[in-house]
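Presented below is the structure to which this report refers.
What follows draws every value from the coordinates through simple rules; no lab data is involved. Just so you know, these numbers come straight off a predicted model, no measurement behind them. Every residue, glycine among them, receives a Cβ derived from its backbone with ideal geometry; neighbour counts consider all protein chains shown.
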Amino acid sequence: MTRKITAIAAAAILFAGFAVATEGTRWINVNVSEHAEGTNVEVHLPLNLVMSVLRSVDVDNFHRGQIDLDIDDTDVDWAEIFAAVKEAPDGQFVTVDSHDAKVNVSKQGGTLFINVDEIDGDNAKVKVTVPVEFMDAMSINESSQIDVAALLESFDRLPSGDLVTVESDDANVRVWIE
Amino acid sequence: MRERGISTIGGILLAGLAGILTAVAITDWAVVDIQIVDPDPMHIKVPFPLFIANVASSFVPQEALDETEVPPELAANKELILAAVTSLLEAPDSALVKVNAPDAHVEVSKIGDNLLVAVDADDATVRCTVPLDGVLYALEQWDWKTFDPDLIFDTLGKADNGPLVTVDVDDGTKVAVNLW
């Protein structure tokens, strides 16, 4: 009887350990629905896998999670800009109403929302959500490299939810973290 | 009076038979099963022990292997590939990629130490099990310069018994590779 209880307890502990490990895994999801042919693509990848791959890639403009930006000639203090955006109070920052598109940048509850509604072309509606954790991780170094790996690492601290959604005549795209 | 018992030759034969049966029992076998319906129906079933295939591959002339040089880009991405396979192995079980197109459904899932690829197309159904631990072991052993048959056998050596690849074509052709 004691042996049976011990076995059940061991199995329960093992199962609980697995459940916790699974629960702790963050997933990056991408869904692309193409309208013309009705193709739907779903990608569901653990963040650790994406990070490992990113940190191993060293090609032309991508060096182990750092992307070279073509902004050599500009003298911009990116850290200061990101800090200013982060510190800025909630509110409507930018509103652009043109013949081509409507652009709206606002901040609510510390989260930056960028909405672009294209009027011509594919009538794309783009919604980008930039949580505060993302802004903390945003950095561009002296060599004009953006640290994408650090950005993705910040996903680990993000609440579950949509990051990017695009709705257009051609396709719908959704990127979210859970 | 003749003594009852096993003669020396009989003993040797029995020991040999027992040895063969033991070797068969403990050796991993691959079974390739091919059925073709049209135009000339045939059914081929080839069971072979993996260790024999492995030994046979060692007789492939080195010159022939030297000609199978792999692109240097592959070796340049060795670290990336090993990191990706390692991360996949450590990832929780889940469906990783699903593609639903009008003419095909593709699903790539990670279950245990295996990557399962399922393709349901209009004209064929394919199921493939890739033993990730075997792939990782094989890649770690590989020199990343020329194709080495040991890559296959190192991979298969870590595979679970069961179906490795099945292909069902709508013309009736069936191909299956099973391990047991």
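Compute the signed sum of charges (Lys and Arg +1, Asp and Glu -1) over the other residues within less than 14 Å, Cβ to Cβ, of B:Ile44.
0
Legend: ranking of residues B:Thr22, B:Thr155 from fewest to most surrounding C-beta atoms inside 10 Å; resulting order B:Thr22, B:Thr155. For segment B:39-107, a simple Cβ point-charge model (Lys and Arg +1, Asp and Glu -1, everything else neutral) yields a dipole of about 300 debye relative to the Cα centre.
For the Cα trace of the protein assembly as shown, dividing Rg by the Kirkwood Rh returns an Rg/Rh value of 1.10. Within chain B, the whole DSSP H helices whose Cα atoms reach 15 Å or more along their own axis and whose mean Kyte-Doolittle score is at least 1.6 are B:8-26.
What the Cα atoms of segment A:26-178 give is an Rg and a Dmax of 16.9, 46 Å. Between beta-carbons, use under 9 Å as the cut-off and find the net charge around B:Lys158, counting Lys and Arg +1, Asp and Glu -1. So the surrounding residues net to -4.
Peptide A:32-39 has a mean shielding of 2, counted as Cβ atoms of other protein chains within 10 Å of each residue's Cβ. Pairwise Cα distances in chain B exceed 27 Å in 48 percent of cases. When chain B is treated as a GNM with alpha-carbon contacts under 10 Å, the residue of B:Leu13, B:Leu82, B:Leu65 showing the greatest mean-square fluctuation is B:Leu13.
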